[in-house]
Structures are given as structure tokens and as C-alpha cells.
Amino acid sequence: MITIYHLETSRSERIVWLMEELGLEYELDVYPRETTGAAPHPLQSIHPLGKAPVIRDGDTLLADTWTKELELAADYSAAVWLTRLGVTRDQLLQAFDALSFPVESQTGYPTRAERRAKVVQGNADSSNAISGTVPDVIIQPPPPQPQTFPVYIVVRHHWINNKKLGVVNSGTITIRIDDALDYKFDVTENFQDQRVDLTAGQHEVEFAANVRAENWNTGIHATGKCLQSLQISKSATFEPYIAFDERGNILSCGMKPIKQ
């Protein structure tokens, strides 16, 4: 069974709400605050600083890790943003004075004077930023995204020139364009038309061959790579081509533009 050590008017209320929302069973051990607003001394037997919430699950004890510095930072941040939303210094202090923060801290939390000073500081810093005394945060617009164009790679004719090599009967040819396209084509199958979106400018095209051919009853293993540049300024359609010599070396490769 989970036990919640709950301090009245504290953040531990959130844990109680959570358990109720989840429908979980728990035991609630409530500690009322002292007349000064401080946490009661008996709570220190559970947590050395008397902080809450504290949760016990069997032999496991989970304690609040909120610190004095985090508490003061939260007061400062709240004052900064409320000032930016138009709340005046007098309104901030009036709202702060209406809260029942303890005058003295006996549990490691800030004193009332320390918290009030952070509220005043946050209001002053935010007011100076708004008036231009200190530079405010400048939000830069996102950089413009480069324009891209759809580029189509299609095969309408016999694009593998193997007259000197012989009959290409197995293997693959891979076509790569930068990091945008990596298409491996099996020479025994039909070429699948490809679309890739490219920015304006020059792109590197790589052909990588790993095929076998028969030339006068002699098997030839053709491998190699070929690099070409592709200039893009608008949407276009290209047909690839690759040519081999009789030894299986790549003679040439590239992309031929096709008029639409």
C-alpha cells in the first residue's frame, strides 16, 4: 500500500489528486501547518527538512527534491512574465502579501523576505527590458527553406549499352543522387520510375554496377562506379544511361533530359 505524507497547503496536494484520478489505493497521513505557516516538526521524522510530499511504497521512500534555489527561481520567473503581461509592481506585491508564506524558514525553504525580494527583482528586470534599458530577447525568424523541384528518373529505351560487353543476364545497377535517392535496379526486372525532390543547383549522380554478362560463351563480371554531375533549376525528367567496354569497365554514364 502506498502512503502519502501530506502537508496542508503544499505541492503534495498534486500527488493526492493524481492518486484519485488514477483510482489507486493509498493511505493519507496529513500534517497541518503551524500557526506561522511552517511545516510541523513531526514531519521532520519523515523528511529531515520537513518537506512534502513524501511517498512510501514498502521499503522505498520518495521525497520532494525541491530546493530553496528552485523556489526563488520560480518566484523570479513568475514576476518577469506577469510584468510582461502588464501586471504592475504594486499589483504583484499586493498579490504576494496576500499569500501566507512563512516569515522564517525552518525547512530549508526561502524566507518571506527572500521571496519578496525575488519578486521585486523580477519585476524590475522585466520592466527594464520592456523599456529598452537592457536588451530584450530577440526572436529571429526561421531561415527560408530552399526551394525544391520534383525530378523524375524514367526508362523509355534500352539504357544499358552492353554492345561490347555482351548479354547482361544478372546482377544489379545502383543509382544514387546525393542523399536523396538510392535505387538498386535488378537487370532481370523492369526499371521502376523514380521521383526525387532536389534543390536548385548541382547534384552528384553515382552509378554502381555489379553485373554478369555472356560474350561468345565467356562469362564477364562487370563491376565499377561512375560519377556525373546533374544541374537542377526546375522540375525535369531524365533517363539514365550506362555503357561498358569489353572488359567490363564502365565507359560512361549520366542522365539524359527528356522533354515533356
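No lab work stands behind these numbers, since they all come straight from the coordinates. On a predicted model such as this, the values are computed, not experimentally measured, just so you know. Every residue, glycine among them, receives a Cβ derived from its backbone with ideal geometry; neighbour counts consider all protein chains shown.
On full extension, the segment bounded by THR188 and ASN215 gains 8.0 nm, given 0.36 nm per residue less the C-alpha separation. Given [x] 14.1; [y] 32.8; [z] 27.8, which label gives mean projected area of the Cα convex hull in nm² as computed from the coordinates? Structure-derived value, by its label: [z].
Taking 41 Å as R0, compute the FRET efficiency from the Cβ-Cβ separation of ARG195 and TRP81 and round it to 0.05. So, using R0 = 41 Å, E works out to roughly 0.30.
For the chain, the longest principal axis of the alpha carbon atoms and the long axis of helix 68-84 meet at an angle near 80°. Against the chain, whose longest principal axis comes from its Cα atoms, helix 12-22 is set at around 50 degrees.
Using the Cβ-Cβ distance between GLN91 and GLN202 with R0 set to 35 Å, the FRET efficiency from 1/(1 + (r/R0)^6) comes to roughly 0.05. With helices as the sole contributors, the chain gives -7000 deg cm²/dmol at 222 nm; each DSSP H run of n ≥ 4 counts as -39500 (n - 2.57), and the sum is divided by every residue. Considering the options ASN128, LEU99, VAL154, tell which one lies farthest towards the positive end of the dipole of the chain, charges being +1 on Lys and Arg and -1 on Asp and Glu at the Cβ, about the Cα centre. The one lying farthest along the dipole's positive direction is VAL154. Annotation: extensible slack from PHE149 through LEU251 equals 33.7 nm (criterion: 0.36 nm per residue apart, minus Cα-Cα distance). With 0.36 nm allotted per residue and the present C-alpha distance subtracted, the ARG33-SER229 stretch has 62.9 nm of extension available.
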